[in-house]
Amino acid sequence: ESYCCSGCEYVYKLIHEENLDRFYDFQNAQSSPIGFSVFTSKDFRWLQEAAAQVESIRSREPSLTLAVSGISCIGCVWLIEQLYSKQSGGTHCRINVQRGEIQLQWNRGVFDIVRFAHELHRFGYDLFEKRSAPPSENSKLVWRLALCGAFALNGMLYTLPSYLGMEESFLFSTHFNWLSGVFATLSMLVGGSYFIHRAYAAAKARIIHMDFPISLGLVVAYSASVFVFLSRGDPALLYFDFISTFVFLMLCGKWLQIFAIERNRNRLAEIEVEPPKVEKIGEDRRIHKIDSRDLQVGDRYFLDPGCWVPVDSKLISEKASQGMDWINGESDPRLFSKGARVPSGSINQSASQIELMAEEHWEDSLLHELLISREEKSEQDQVTQLWISRYLITVIVIAVLGSAVWALLGSLPKAMVVFVSALVVSCPCALGVALPLANELAVSKLKLKGVFVRTASLWNRLSEVTQVVFDKTGTLTRSTMDWTNPEILKNLDETELEALSALTRNSRHPVATTVHETLFAKGYLKEASGWHVEEILGQGMTGTKNGDHWRFGKGDWATGMESNATILSRNGESVAELLFEDRPWADATTEIDTLKQKGFRISILSGDKKIKVQKAARTLGIDADSAIGDASPQMKQEWLREHDGATSLILGDGANDSLAFDAALCSGTPAAEKTTLARKADFYYLGAGIQGVRSLFDLATKRRSAIRALMAFALSYNFVTISLALAGIVTPLLAAILMPLSSIASIGIVWAFLRT
């Protein structure tokens, strides 16, 4: 019945007209708003060249693996596969949602891959060149996990007979012990080394990592077991089966944690935002296409429509209309005249190329500063580190004192058993297995609400947030102007609709693009041939056909009469008055009120005009003193540093928020077409609104409750097991039973708190 944007309305009609409505039956999560991306033209010449290259290899069927963006659920996978099946010559399409990749195979000379790419683009999905990346932490763990699983099963296979009553004098008893020791050794080499290496690296950096107690327990148990086995000592110190099983369980927990985070990181095709190519005027007066990073001070160059100005430059052309939303959040473009300094990061919204002269190097430019990917915030959980440090000190002191007591009583073998068993049975299974599960469950629940967590340390930092800071344009409000009276299209005849289509077709002004998108989405867009259209910078678009002179733009320019509306006129007479407004998202007021009730301070930090920011604040019930406008990227960063940035969550959608992200405790972004901040944020969210922020805080509260219960159980478990160890009654068999039982109980606690 209603749509968040004309892009979503347009794509819905495409899905319906192509009889692909089952897409909505498959959806199990919110989808990202399509926005204006489906209306923009895409240059897929690079894809045509890549396809031609693979087709030139005659020895195999043509195949390409590409990055794909826009996938949000299984419905997207189904829809892409259906679109592929409609293409002639396509033989195989495989989509890897976790990695954000699509593999295509086709019949040579039949399949048109560029046509398929354009078809995907119409539905809101885009193909990009797959970028090589170093092996992920997840891929490094998978092979360790598989091998250690096999080692654990085989280790238990050869240890079980001794638990079932096999005597030491049995013919194969020694062989079984040898084999159990071999598999424990392999588990230590393949899996244990992973934890030991991480614990050692953390210790060098003077950090007590969660892997430290895991490593300590493994090293003590393995060393004691090897010593006892080789010296034919007390069988009560043989922990080979425990080692194999424990390594496998700990790897399971680690893999679960990393998998959940990497899956969300890869959901969007993480495409690097590259500086634009520009046409430089060489010393020979010829035009050379170069990377804008190679521009030198004094170089003259041409910039295509829709491209960013790479460096601060002097305008050589007579006039230029520049979009400023990427650097200061202004929704309206700014007009520059010849000789003016055009800022780096502004977007050429003129209908034609503009000529500029570089006045700084790329490394000194604002655009370079905004596109820098900072090092991600530390993944260390400070609360967990504190718990581990206290836990380690307590357990080691108890183990030493307990063994010392038994030694003083004259039983050295018993003292050794007590020391080893105290360290082994108290290993932090709750932290190693259940804590990653808690994170995975929370991440999965959020995914169903359209929120995707990218950094594991976000959970701990959320508990410290006292202030939520919103950018305005694209975050609290729509990124494009809201056309408030589109119903007037019904009153226009074919000639007037053709004129409106022609005048808005090539304009990059936000108002013109909104009108053109709406015409497209609602089916009013007309073929416009025979038109001569010209852009009058700062005023609007003008065109002529069949002797009629049409204008679309500011009211006083279009008709010569004062008006706040945008007017379509014919021969100076008004044909239609179009009204536009900068509206907040429909749920913004409710969500902000809810955040206030939770105790958060709310602020707006925007580069848009102060009068617009204050109006939005009044509408949303935010204090005027907390609504900051006319803020540059650097000013945003400084404001946060001076106003509790260390306890602030910031939400923004443009590169102008990039520096502020660096100054805030944590950050989030709505996942639209701009991937710069999605790559940099701690989380991103889908949907037409800001409800994802409340969902994040609600799940964080549930997770904290689960962790508290988990810690309470861990303390109780360790008290009981260490008491048994000090009494000298913990055997390898009992340890092998207690360890998985504690893991199961820990998992049950987490599940109980987070299942709803």
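The values are calculated or read from the model by the stated rules, or taken from the named source; none is laboratory data. Quantities reported herein were computed from a predicted structural model and do not represent experimental measurements. Note: ideal-geometry Cβ built from the backbone for every residue, glycine included; neighbour counts use all protein chains shown. Just so you know, the surface numbers come from the protein's heavy atoms only, side chains and all, with ligands and any DNA or RNA stripped out. Shrake-Rupley method; radii C 1.70, N 1.55, O 1.52, S 1.80 Å.
Inverting the pair-averaged 1/r between distinct Cα atoms of region 466-531 gives 13.4 Å as its Kirkwood hydrodynamic radius. Between the C-alpha center of region 691-756 and that of region 89-129 there is a gap of 46 Å. With bins 5 Å wide beginning at 0, the percent of Cα pairs of region 1-93 falling in each bin runs 2, 10, 16, 23, 19, 13, 9, 5, 2, 1, 0.
Report Rg/Rh for region 409-551, rounded to two decimals, where Rg is the Cα radius of gyration and Rh the Kirkwood radius. Across region 409-551, the Cα-based Rg/Rh ratio is 1.48. In a simple Cβ point-charge model (Lys, Arg +1; Asp, Glu -1; nothing else charged), region 677-723 has a dipole of about 100 debye relative to its Cα centre. Neighbours of D556, meaning other residues whose beta-carbon lies under 13 angstrom from its beta-carbon, give a summed charge of 0 when Lys and Arg score +1 and Asp and Glu score -1. Contact order, relative form, for region 539-669: 13 percent (alpha carbon pairs under 8 Å, 6 or more residues apart, mean separation divided by residue count).
What is the diffusion coefficient of region 479-638 in µm²/s, taking the Kirkwood radius over Cα pairs and the Stokes-Einstein relation at 37 °C with a viscosity of 0.692 mPa s? Kindly include the intermediate steps, with their values, before the conclusion.
Values: Rh = 17.8 Å.
Answer, rounded: 184 µm²/s.
Using Cβ point charges alone (K and R +1, D and E -1), the dipole size of the chain about the Cα centre works out to roughly 2220 debye.
For region 394-455, what does the relative contact order come out to in percent, with C-alpha contacts under 8 Å and a separation of six or more? It comes to 25 percent, rounded to a whole number. Region 587-617 and region 489-563 have Cα centres spaced 35 Å apart. Taking one quarter of the surface of the convex hull spanned by the alpha-carbon atoms of region 676-756 gives a direction-averaged projected area of 7.9 nm². The magnitude of the dipole of region 1-155, with charges of +1 and -1 set on the Cβ of Lys/Arg and Asp/Glu and taken from the Cα centre, is near 640 debye.
Sorting the Cα pairs of the chain by distance into bins of 10 Å, from 0 upward, gives 2, 12, 19, 21, 18, 12, 8, 5, 3, 1, 0, 0 percent per bin.
Hey, with R₀ at 22 Å, roughly what FRET efficiency would K526 and K42 work out to, going by the Cβ-Cβ distance, to 0.05?
E(calc), rounded to 0.05, equals 0.45.
Taken as Cα centroids, region 407-423 and region 172-189 sit 24 Å apart, rounded to the nearest whole angstrom.
As a length-normalised measure over Cα pairs under 8 Å and 6 or more apart, the relative contact order of the chain settles at 14 percent. Sorting 173-185, 279-291, 391-403 by their mean Cβ neighbour count within 10 Å, with the most densely packed peptide first, gives 173-185, 391-403, 279-291. Largest first, the extents of the alpha carbon coordinates of region 620-756 on the three principal axes equal 71, 31, 30 Å.
In whole percent, how big is the carbon plus sulfur part of the accessible area of the chain, probe 1.4 Å, protein atoms only?
Roughly 55 percent, rounded to a whole number.
The residues of the chain expose on average 44 square angstrom of accessible surface per residue, using a 1.4 Å probe on protein heavy atoms. Candidate membrane-span-like segments in the chain, meaning DSSP H helices with Cα atoms spread over at least 27 Å of their own axis and a Kyte-Doolittle mean of 1.6 or above, are 211-231, 732-754, with no membrane implied.
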